[in-house]
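What follows is a short report on a single structure.
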């Protein structure tokens, strides 16, 4: 079903792309936009995951550079009966995370340094289980392709607003300056609507499945509350530079809107928490929860790190520089 939705969405994005091309260059511009959109759809299917990771400066880590974090993902993926995804870390102070990839066999999960530094291991496990739930539900393809093409639509509109011609006889925009201005205003709105096309019910579904994967819904519930609070206080610079990717994160990295309304890309956090706590009561503590390899819950210090080891980036050090892997 998600692959059908993807095809419908790509068709809609192609039509929107062609509409912008028509406003820029008339029928000739529309045909050029069609060719470009077709190539972009094909390219984004195979490469959009890597593109989104690159947009956010994500660095891949492995068992050597981030042993505990990598091991956590390996354990959770096994619990979810998923192939081991690639694991990335984004150097952003805002706690957040997302998943990407065209299918479970080509998936990747990414977390910010802020997430790893400010949340307990149990809370991080809840967040990453949520992201693996998106992978298992095959949400990542449509989320990633949407982010890539929505961003391209906004860029094309801005480009067209600067360079479109109002001369119909020369094949320019049939609506002249009015069309160009309307395009510059409406195209970013259209990109936002495309983001909202990613149904918010997917977040609820990923919350539920993620809670089942990790075994303790309350871990994800407290993680969402902590991320929501800190997201209001800390700017996510890469997300601000690439707003079309906002819907991919577990919590909106741009505005943290707290209302379940038509214009929110995420459900209200309090509603998600309430659903998770209801699930916790439903589960009644049954099932086996994921546990850190040490078997002991970390005690967070004043800065959010492990009180026993204030630097959660305990991986190998090279020449005194901090490695990119946490909890080593």
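The values are calculated or read from the model by the stated rules, or taken from the named source; none is laboratory data. Just so it is clear, the structure is predicted and the values come from calculations on it, not from any experiment. All Cβ positions, glycine included, derive from the backbone under ideal geometry; neighbour counts span all protein chains shown.
Let's see how each residue does on (1) touching a helix residue (DSSP H, G or I) at 6+ places or on another chain (Cβ under 6 Å); (2) surrounded by 24 or more Cβ atoms within 10 Å (Cβ to Cβ):
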| position | (1), (2) |
| --- | --- |
| 67 | no, no |
| 71 | no, no |
| 81 | no, no |
| 84 | yes, no |
| 94 | yes, yes |
| 100 | yes, yes |
| 109 | yes, yes |
| 117 | no, no |
Here are some conditions: (1) farther than 12 Å from residue 109 by Cα; (2) modelled with pLDDT of 95 or more; (3) assigned to a helix (DSSP H, G or I). Residue 82 meets all but one. Which one does it not meet? (3)
Residue pairs meeting the criteria (Cβ under 7 Å; at least 6 apart or on separate chains; first part of a helix (DSSP H, G or I), in segment 261-274; second surrounded by fewer than 20 Cβ atoms within 10 Å (Cβ to Cβ) and at pLDDT 95 or above): 269/225; 273/225
Filter result (modelled with pLDDT under 65 and not in a helix (DSSP H, G or I)) within segment 118-174: 164, 165, 166, 167, 171, 172, 173, 174
Subset of segment 265-286, residues modelled with pLDDT under 90 and touching a helix residue (DSSP H, G or I) at 6+ places or on another chain (Cβ under 8 Å), comes to 265, 266, 267, 283
Subset of segment 92-113, residues out of contact with any strand residue (DSSP E or B) (no Cβ under 9 Å at 6 or more places or on another chain), in contact (Cβ under 8 Å) with a residue 24 or more places away in the chain and in a helix (DSSP H, G or I), comes to 104
Out of all the residues in segment 44-65, which are surrounded by 14 or more Cβ atoms within 10 Å (Cβ to Cβ), in a helix (DSSP H, G or I) and more than 13 Å from the chain's Cα centre (by Cα)? 44, 45, 47
Which of the numbered conditions does residue 41 fail, given that it passes all the others? Conditions: (1) modelled with pLDDT under 75; (2) surrounded by fewer than 22 Cβ atoms within 10 Å (Cβ to Cβ); (3) more than 25 Å from residue 110 (Cα to Cα). (3)
Please verify whether residue 12 is out of contact with any helix residue (DSSP H, G or I) (no Cβ under 7 Å at 6 or more places or on another chain), modelled with pLDDT under 75 and farther than 30 Å from residue 115 by Cβ, treating the condition exactly as stated. yes
Let me spell it out: the conditions are (1) over 19 Å from residue 127 (Cα atoms); (2) surrounded by fewer than 19 Cβ atoms within 10 Å (Cβ to Cβ); (3) in contact with a strand residue (DSSP E or B) (Cβ under 7 Å, 6 or more places away or on another chain), and residue 31 meets all of them except one. Which number is the exception? (3)
